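The values are calculated or read from the model by the stated rules, or taken from the named source; none is laboratory data. This is a predicted model, so every value here is computed, not measured. Don't worry about glycine lacking a Cβ; one is built from the backbone with ideal geometry, like all the others, and counts go over all protein chains shown. We work out accessible area using only protein heavy atoms, side chains counted, and drop any ligands, DNA or RNA first. Shrake-Rupley method; radii C 1.70, N 1.55, O 1.52, S 1.80 Å.
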Protein chains: 2
Amino acid sequence: MARIKTTQDISRKEVITEAAATLFKEKGYKAASMRDLAEQVGVEAASLYNHIKSKSELLHNICVQVANDFWEHIHEVENKKCTGVEKVEAILRYHIREMITNYEKVYVSDREWKHLTEPYLSNFHTQRREYRKKVASIIEQGIHKGEIKPIDAPTAVLIILHAVSGIDSWHRSKQKISAAELEANMVTILIDGLRK
Amino acid sequence: MARIKTTQDISRKEVITEAAATLFKEKGYKAASMRDLAEQVGVEAASLYNHIKSKSELLHNICVQVANDFWEHIHEVENKKCTGVEKVEAILRYHIREMITNYEKVYVSDREWKHLTEPYLSNFHTQRREYRKKVASIIEQGIHKGEIKPIDAPTAVLIILHAVSGIDSWHRSKQKISAAELEANMVTILIDGLRK
């Protein structure tokens, strides 16, 4: 069970990583400088290096954290005793919630991972591909059992994952429905679209 | 009725615009240089300026072309005598086909429009917002008539438009289904998801 995080638990390094995620999201990883980051955190640029080695380490930490959380979640879902449709719904809801509550990190790991350095780049790319294959395979099992329409599973994965990345527009929109309503609407449209 | 384009019709300027779209997609607008473009077209950088004024003019031309095509299409759809669901399907199919056949330009106008200069930036932004409102309003009419589920229309727009932008992954994937199958699968999932 996940322990509840207290303010004291959030280390200086984590504060810097969170600020980096916000900065990389706003400016893009390439354009963001350590000077910008220092300003965001409210310290001298030099003192950042007491906690982290480089800008590239920050991107790596963000991507690994996000990838591992998603990886752990899909592993739990795979082992659940429930229907294929319910598994896809659990995955969709997790993606939506992460995109809402862990927005900056999820956004950065989704859009900026190509700037990772080797061997992390290849590892991340492989894990990302394997993750999508796992989702496709859950959908295929659902099709096989007659719970999900006979559709092309990779296309369904593409639709689900990209629809979720559209939550970016929701964050930016002024007149928006609540997070719970957003989740309910996305599930209604996407899961009903899959269900046979 | 649209006239069929012959090779002779494609002017030098259009050749340059198409090369610019490919380049802006690959490198991003900001990172792409006129030197890169000249190389792509196979001419000296200086001679590009006989046909176009600046890199910014190229981005403007791409964005305006795409925006006008989509604008014209939705205007046709609005005036069609058919159900709301059929209208949404027509819009979805148009987006999918444009994202397949006019990929580079659609991609660039979708992702790089923020680099437009004023007053084009504001115009484009307004037209983009108005376009989404038109789609939402068609969906709302469908809900009102009981053809579409009682969902939040802007969320449905977000899902549809972002799912279509996922066709980018389809272009990059090696083992892919045909364009017709992709379209059929996307329509099945997304339109069934909306239908009451």
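Numerical summary
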read-out: Filter result (among the hydrophobic types (A, V, I, L, M, F, W, C) and either buried (at least 18 other Cβ atoms within 10 Å of the Cβ) or within 19 Å of the chain's Cα centre (by Cα) (or both)) within the range A:21-37; value: A:A21, A:L23, A:F24, A:A32, A:L37
read-out: Only one of B:S178, B:S173, B:S137, B:S169 that is open to solvent by 10 Å² or more (accessible area, probe 1.4 Å) and either within 7 Å of another protein chain (Cβ to nearest Cβ) or of a type in the set (A, V, I, L, M) (or both); value: B:S169
read-out: Condition check for A:A67: small (G, A, S), crowded, with 16+ Cβ neighbours inside 10 Å and in contact (Cβ under 8 Å) with a residue 60 or more places away in the chain; value: yes
read-out: Boolean, A:N185 is more than 21 Å from B:W170 (Cα to Cα) and touching a Ser or Thr at 6+ places or on another chain (Cβ under 8 Å); value: yes
read-out: So B:H51, is it within 20 Å of the chain's Cα centre (by Cα), of a type outside the set (D, E, K, R) and either assigned to a helix (DSSP H, G or I) or at pLDDT below 95 (or both); value: no
read-out: Test: residue in the range A:143-157 that is within 10 Å of chain B (Cβ to nearest Cβ), open to solvent by less than 60 Å² (accessible area, probe 1.4 Å) and basic (K, R); value: yes
read-out: Any hit, the range A:183-190, residues being more than 20 Å from the chain's Cα centre (by Cα) and within 12 Å of another protein chain (Cβ to nearest Cβ); value: yes
read-out: Failed condition for B:Y120, given (1) within 21 Å of A:D192 (Cα to Cα); (2) in contact (Cβ under 8 Å) with a residue 40 or more places away in the chain; value: (1)
read-out: Odd one out for A:K105, checked against (1) open to solvent by 20 Å² or more (accessible area, probe 1.4 Å); (2) at pLDDT 95 or above; (3) among the basic types (K, R); value: (1)
read-out: Check on B:I151, under 18 Å from B:E86 (Cα atoms), within 20 Å of the chain's Cα centre (by Cα) and of a type in the set (A, V, I, L, M); value: no
read-out: Single unsatisfied condition, B:K196 versus (1) facing chain A (nearest Cβ under 7 Å); (2) in contact (Cβ under 8 Å) with a residue 40 or more places away in the chain; (3) surrounded by fewer than 18 Cβ atoms within 10 Å (Cβ to Cβ); value: (1)
read-out: Yes/no for B:M34 being touching a helix residue (DSSP H, G or I) at 6+ places or on another chain (Cβ under 6 Å) and within 16 Å of B:T17 (Cα to Cα); value: yes
